[in-house]
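Here is the structure we will look at, set down as structure tokens.
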Amino acid sequence: MTDETDAILSLLPARLKEARRAQGLSLDAVAKLSGVSRSMVSQIERGESSPTIATLWNLTRALQVDFAGLLEDGPSSSIEVLRDADVPSIENRGTGCTIRILSPPEDAGRHEVYELRFTAGGALDSQPHRRGAREHLTVVDGTLTITSGDATDVIGPGDTARYAADVVHRIAADAPARAFLVVQDA
């Protein structure tokens with residue numbers, strides 16, 4: 001191995017441990033999430049074992065860290081930009097509502113961010129998400145009526161509504177409106 005490779009690999013144990021602690025995860029939790037045994041995770045973090053590429057891949061996925069960034073020497077200073085024209089959108093969910101997906105695909109099912117654009121009379125009807133899921137809706141333009149279970153409220157520009165998303169819920173607009181929606185799964 002080259003000196004550069006040795007230097008990078010010497011940083012790996014500390015970076016994995018740091019990533020685990022930043023997520024607030026125990027060794028057991030990482031083992032369950034990654035499929036890598038607790039003892040192997042511990043040995044890797046102590047620098048007593050060098051992980052295979054497959055093991056390292058499983059650990060980085062479980063810890064939600066960038067595989068390449070974990071091995072880079074020095075801090076990463078990049079900005080990921082998704083240009084307006086490249087933002088994926090969903091047109092066929094709801095009536096008069098366009099959903100623009102702002103969060104990365106790997107966050108689906110955990111922490112999702114959307115921009116919602118409503119036409120007059122538009123609505124987004126949603127079935128219950130996973131138990132404990134919540135939504136945080138912030139209106140940018142217009143007025144929206146939110147219904148979550150039996151509760152209903154109206155919010156306007158700058159207002160944020162936080163509500164249960166593990167029940168039937170609805171967002172509706174009488175006039176054109178725009179909002180940002182964060183979905184947090186339990």
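The values are calculated or read from the model by the stated rules, or taken from the named source; none is laboratory data. Quick caveat: nothing in here was measured; it's all calculated off a predicted structure. All Cβ positions, even for glycine, are placed from backbone atoms using ideal geometry, and neighbour counts span all protein chains on display.
Please verify whether residue 14 is within 14 Å of residue 63 (Cβ to Cβ), modelled with pLDDT of 80 or more, surrounded by 15 or more Cβ atoms within 10 Å (Cβ to Cβ) and in the same structural domain as residue 65 (by TED's automatic domain parsing), treating the condition exactly as stated. Here the answer is no, as residue 14 does not meet what is asked.
Going by the structure shown, is residue 131 in contact (Cβ under 8 Å) with a residue 12 or more places away in the chain, charged (D, E, K, R) and either assigned to a loop (DSSP other than H, G, I, E, B) or touching a His at 6+ places or on another chain (Cβ under 7 Å) (or both)?
yes
What do you reckon, is residue 4 loosely packed, with under 15 Cβ neighbours inside 10 Å, at pLDDT 85 or above and either acidic (Asp, Glu) or in the same structural domain as residue 111 (by TED's automatic domain parsing) (or both)? So residue 4 fails the test. Within the set 126, 103, the sole residue that is in contact (Cβ under 8 Å) with a residue 24 or more places away in the chain and in contact with a His (Cβ under 7 Å, 6 or more places away or on another chain) turns out to be 126. Within the stretch 90-112, restricting attention to residues that are β-branched (Val, Ile, Thr) and surrounded by 16 or more Cβ atoms within 10 Å (Cβ to Cβ), the residue that is nearest to residue 167 (Cα to Cα) is 99. The set of residues in the stretch 166-180 that are under 16 Å from residue 118 (Cα atoms), surrounded by fewer than 19 Cβ atoms within 10 Å (Cβ to Cβ) and not basic (Lys, Arg) comprises 174, 175, 176, 180. For residue 126, indicate whether it is within 30 Å of residue 66 (Cα to Cα) and under 22 Å from the mean Cα position of the chain (by Cα). Considered against the rule, which asks whether it is within 30 Å of residue 66 (Cα to Cα) and under 22 Å from the mean Cα position of the chain (by Cα), residue 126 comes out as no.
Can you name every residue in the stretch 136-167 that is part of a loop (DSSP other than H, G, I, E, B) and within 19 Å of residue 97 (Cβ to Cβ)? Steps first, answer last, please.
In the first step, residues of the stretch 136-167 are kept if they are part of a loop (DSSP other than H, G, I, E, B); the result is 142-143, 149-150, 156-159, 165-167.
Correct list: 142, 143, 156, 157, 159, 165.
Among residues of the stretch 35-62 that are assigned by TED's automatic domain parsing to the domain that holds residue 22 and within 13 Å of residue 20 (Cβ to Cβ), those with a Cβ under 7 angstrom from a residue that is in a helix (DSSP H, G or I) and charged (D, E, K, R), sequence gap 6+ or separate chain, pair up as 38/28; 45/17. Among the residues of the stretch 97-108, those identified as in contact with a Lys or Arg (Cβ under 9 Å, 6 or more places away or on another chain) and within 19 Å of residue 170 (Cα to Cα) are 97, 98, 99, 100.
The rows are residues; the columns are (1) surrounded by fewer than 16 Cβ atoms within 10 Å (Cβ to Cβ); (2) among the hydroxyl-bearing types (Ser, Thr, Tyr).
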position	(1), (2)
123	no, no
132	yes, no
135	no, no
150	yes, no
160	yes, yes
164	no, no
